[in-house]
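Working notes, beginning with the structure itself.
The values are calculated or read from the model by the stated rules, or taken from the named source; none is laboratory data. Please read all numbers here as calculations on a predicted model, not as lab measurements. Cβ placement follows ideal geometry from the backbone for every residue including glycine, while neighbour counts extend to all protein chains displayed. These area figures cover heavy atoms from the full protein model, side chains too; ligands, DNA and RNA do not enter into them. Shrake-Rupley method; radii C 1.70, N 1.55, O 1.52, S 1.80 Å.
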Amino acid sequence: MVDWVLVQRPDRVVDPGCGSGRFAAEVARRSPDLDIVAIDVDPLATLTARATLRTLRARRAVVMNADYTTMALRPIPGRTAFVGNPPYVRHHELPAEQKAWAKSAAARLSLSISGLAGLQVHFFLATLMHARRADVGCFITSAEWLDVRYGAVLRDALLNGMGAISLHLLDRGRFAFRDAMTTAVITCFEVGVPPTSLRLHHVRSASSLGSLTGGRRTRRARLADSQRWSPFFLPRGLSRAREGLVPLGEIARVSRGIATGANGFFVLTEDRASELRLADYVVPVLADASDVLTASGIVRRESVRRVLLAPPRDINLEAREHAALRAYLLAGKERGVAERYLCQQRTPWWYLAVKTPPVIATYMTRQGPAFALNPDQLAILNVLHGIFPRAPMNREQLAGLVYYLNTNRKAFMGAGRTYQGGLEKFEPREMEALLVPRPERLQLLGREHGVRPA
Ligand SMILES: C[S@@+](CC[C@H](N)C(=O)[O-])C[C@H]1O[C@@H](n2cnc3c(N)ncnc32)[C@H](O)[C@@H]1O
């Protein structure tokens with residue numbers, strides 16, 4: 001990163017969030033006569049950075065104890081290069097003033113920012129505020145912003161005034177920072193020069209980064225049209241192998257399982273439901289993602305021990321034969337269940353519109369989502385997604401779909417959004433974007449292989 005920055009012939013290098021001064025020190029070693037400004041809010045960090053730079057006899061280095069987002073950076077006539085490793089602080093750890101600053105900074109830059117953006121995104125905004133046209137920058141951050149909604153502000157900025165030049169994505173299986181457990185991307189940019197294309201570079205290890213000159217050109221328009229950038233980093237061979245496939249969403253709709261708003265009330269064991277004489281009002285339900293993981297590609301009624309309270313909406317609660325249900329609902333109401341947020345959104349508050357998907361899927365995963373057939377029409381809670389064919393699919397086609405999806409679990413990694421430690425989540429829309437064969441081909445697969453365990 002320092003090599004890349006120095007090749008841009010800056011007159012000054014700024015290291016925001018300098019910590020002990022690792023980047024600033026590397027610049028000083030290579031170009032001792034360059035102006036360096038290292039900044040950190042932490043006084044101990046600045047003390048250490050100052051000591052480091054002093055030992056290196058970096059005469060023109062200044063270390064500032066300041067908040068990079070709100071400080072004033074002295075303008076200079078020449079080019080400034082920003083380089084560093086902005087702090088990985090997630091939005092829920094940020095004080096309200098920090099979020100308010102980001103909102104007003106974004107507005108001044110004619111961008112709109114989500115309240116879910118973390119400090120790394122704020123550092124990019126701050127850089128855009130401090131920078132002048134033709135200034136350059138090179139930051140390493142977590143790669144989440146490539147795909148998630150809160151990253152939109154940064155994707156937008158990079159395609160416009162922040163002038164992205166190249167992005168270098170470290171293989172998701174490897175961690176650039178051993179103690180931070182996150183995915184990493186290096187972003188190189190030149191302010192005020194909106195790109196016509198960017199170089200996107202997928203590397204397997206830090207040693208293949210070189211001087212950040214690699215990568216495949218991708219047109220700006222393609223990125224501008226997309227909410228998720230990480231698929232653009234896939235090697236070409238993989239995209240070719242995908243020809244002839246269609247997005248799952250073309251043949252099926254993916255939706256979340258039921259959010260009851262009060263599982264303690266709505267979800268019971270079978271025994272408890274019998275004890276309370278509620279057996280006539282419940283349906284079997286899958287309440288745990290592991291039910292699918294251990295299902296060998298097909299979940300059956302016999303393995304389910306829990307049930308969901310699901311009486312019909314128009315049941316006459318006054319009728320004598322429904323006294324047990326009436327008593328249970330009343331007890332729930334007295335416990336305040338009816339006042340829960342989701343219950344308040346329903347009429348009546350206890351009515352759950354149960355849909356039973358023919359195929360179900362896990363969506364929080366380290367090894368790719370797992371899929372299973374659901375021939376016994378079990379209900380699912382929101383720990384699982386349901387897959388509903390848009391047009392009727394026969395048994396072989398459904399079996400073929402589950403076979404194909406489970407066979408390709410690993411290949412689907414990276415198509416969701418990756419959280420700390422490589423845990424990946426697939427929202428329904430992301431699952432609909434997975435590529436699958438068309439139903440005719442699925443039928444052949446189903447006939448040939450039957451179901452495949454996850
Ligand atoms: C990920 S560390 C990077 C340290 C250093 N660049 C390195 O690679 O070792 C981020 C640093 O940002 C600092 N920091 C956090 N919030 C800041 C802010 N608002 N302004 C300046 N520095 C900040 C932290 O104190 C921390 O030292």
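Restricted to the range 17-34, and to residues that are within 32 Å of the chain's Cα centre (by Cα) and free of Cβ contacts under 8 Å to residues at least 60 places away in the same chain, which residue is nearest to the ligand (Cβ to nearest atom)?
Step one: of the range 17-34, the residues within 32 Å of the chain's Cα centre (by Cα) are 17-24.
If we keep only those that are free of Cβ contacts under 8 Å to residues at least 60 places away in the same chain as well, we get 20-21, 24.
On the way: Ser20: 6, Gly21: 7, Ala24: 8 Å.
That would be Ser20.
Is it true that Asp156 is more than 14 Å from the ligand (Cβ to nearest atom), among the acidic types (Asp, Glu), open to solvent by 10 Å² or more (accessible area, probe 1.4 Å) and touching a residue at least 24 places away in the same chain (Cβ under 8 Å)? Break it down into steps so the answer makes sense when it comes.
On the way: more than 14 Å from the ligand (Cβ to nearest atom): yes; among the acidic types (Asp, Glu): yes; open to solvent by 10 Å² or more (accessible area, probe 1.4 Å): yes; touching a residue at least 24 places away in the same chain (Cβ under 8 Å): yes.
So Asp156 passes the test.
So which residues in the range 1-11 are within 13 Å of the ligand (Cβ to nearest atom) and either open to solvent by 20 Å² or more (accessible area, probe 1.4 Å) or among the aromatic types (Phe, Trp, Tyr) (or both)? Walk me through it before giving the result.
Looking only at the range 1-11, we keep the residues that are within 13 Å of the ligand (Cβ to nearest atom), and these are 1-2.
The answer is Met1, and nothing else.
Would you mind telling me which numbered condition in (1) assigned to a helix (DSSP H, G or I); (2) open to solvent by 10 Å² or more (accessible area, probe 1.4 Å); (3) in contact (Cβ under 8 Å) with a residue 60 or more places away in the chain Thr127 fails?
Of (1) assigned to a helix (DSSP H, G or I); (2) open to solvent by 10 Å² or more (accessible area, probe 1.4 Å); (3) in contact (Cβ under 8 Å) with a residue 60 or more places away in the chain, only one is false for Thr127: (2).
So Ala379 fits all but one of (1) open to solvent by less than 10 Å² (accessible area, probe 1.4 Å); (2) in contact with a Gly (Cβ under 7 Å, 6 or more places away or on another chain); what number is the exception?
(2)
What pairs come out if I take residues in the range 382-401 that are closer than 20 Å to Asp288 by Cα and pair them with residues that are open to solvent by 20 Å² or more (accessible area, probe 1.4 Å) and β-branched (Val, Ile, Thr) whose C-beta lies under 8 Å away, six or more apart or interchain?
Asn382/Ile258; Gly386/Thr356
Need pairs with beta-carbon distance below 7 Å; first residue β-branched (Val, Ile, Thr) and within the range 271-291, second assigned to a helix (DSSP H, G or I); sequence gap 6+ or separate chains.
Val282/Ala273
Name the residue, out of Val37, Val14, that is more than 10 Å from the ligand (Cβ to nearest atom), open to solvent by less than 60 Å² (accessible area, probe 1.4 Å) and touching a Phe, Trp or Tyr at 6+ places or on another chain (Cβ under 8 Å). I'd like the intermediate steps shown before the answer.
Numbers: Val37 fails: touching a Phe, Trp or Tyr at 6+ places or on another chain (Cβ under 8 Å).
Checking each option against the conditions leaves just Val14.
In the range 17-34, which residues are in contact with a helix residue (DSSP H, G or I) (Cβ under 8 Å, 6 or more places away or on another chain) and either part of a helix (DSSP H, G or I) or open to solvent by 20 Å² or more (accessible area, probe 1.4 Å) (or both)? Show your work before the answer.
Residues of the range 17-34 that are in contact with a helix residue (DSSP H, G or I) (Cβ under 8 Å, 6 or more places away or on another chain), as a first pass: 17-21, 23-28, 30-31, 34.
Selection gives Gly17, Gly19, Ser20, Phe23, Ala24, Ala25, Glu26, Val27, Ala28, Arg30, Ser31, Leu34.
Go through the range 48-65 and give me each residue that's exposed (fewer than 15 other Cβ atoms within 10 Å of the Cβ) and within 15 Å of the ligand (Cβ to nearest atom).
Ala51
Does the range 71-91 contain at least one residue that is touching a residue at least 60 places away in the same chain (Cβ under 8 Å), more than 13 Å from the ligand (Cβ to nearest atom) and either touching a helix residue (DSSP H, G or I) at 6+ places or on another chain (Cβ under 6 Å) or assigned to a helix (DSSP H, G or I) (or both)? Don't jump to the end; show me each part of the working.
Initial filter on the range 71-91 (touching a residue at least 60 places away in the same chain (Cβ under 8 Å)): 76-88.
From what is left, the residues that are more than 13 Å from the ligand (Cβ to nearest atom) are 76-81.
After this cut, where a residue has to be either touching a helix residue (DSSP H, G or I) at 6+ places or on another chain (Cβ under 6 Å) or assigned to a helix (DSSP H, G or I) (or both) as well, the list is 81.
Looking through the range 71-91, at least one residue is touching a residue at least 60 places away in the same chain (Cβ under 8 Å), more than 13 Å from the ligand (Cβ to nearest atom) and either touching a helix residue (DSSP H, G or I) at 6+ places or on another chain (Cβ under 6 Å) or assigned to a helix (DSSP H, G or I) (or both).
Tell me the helices (runs of 4 or more DSSP H) entirely within the range 347-454 that contain at least 1 residues that are over 20 Å from Arg149 (Cβ atoms). Full working, then the answer.
Numbers: elements: 395-407, 428-432, 439-449.
So the answer is 395-407, 439-449.
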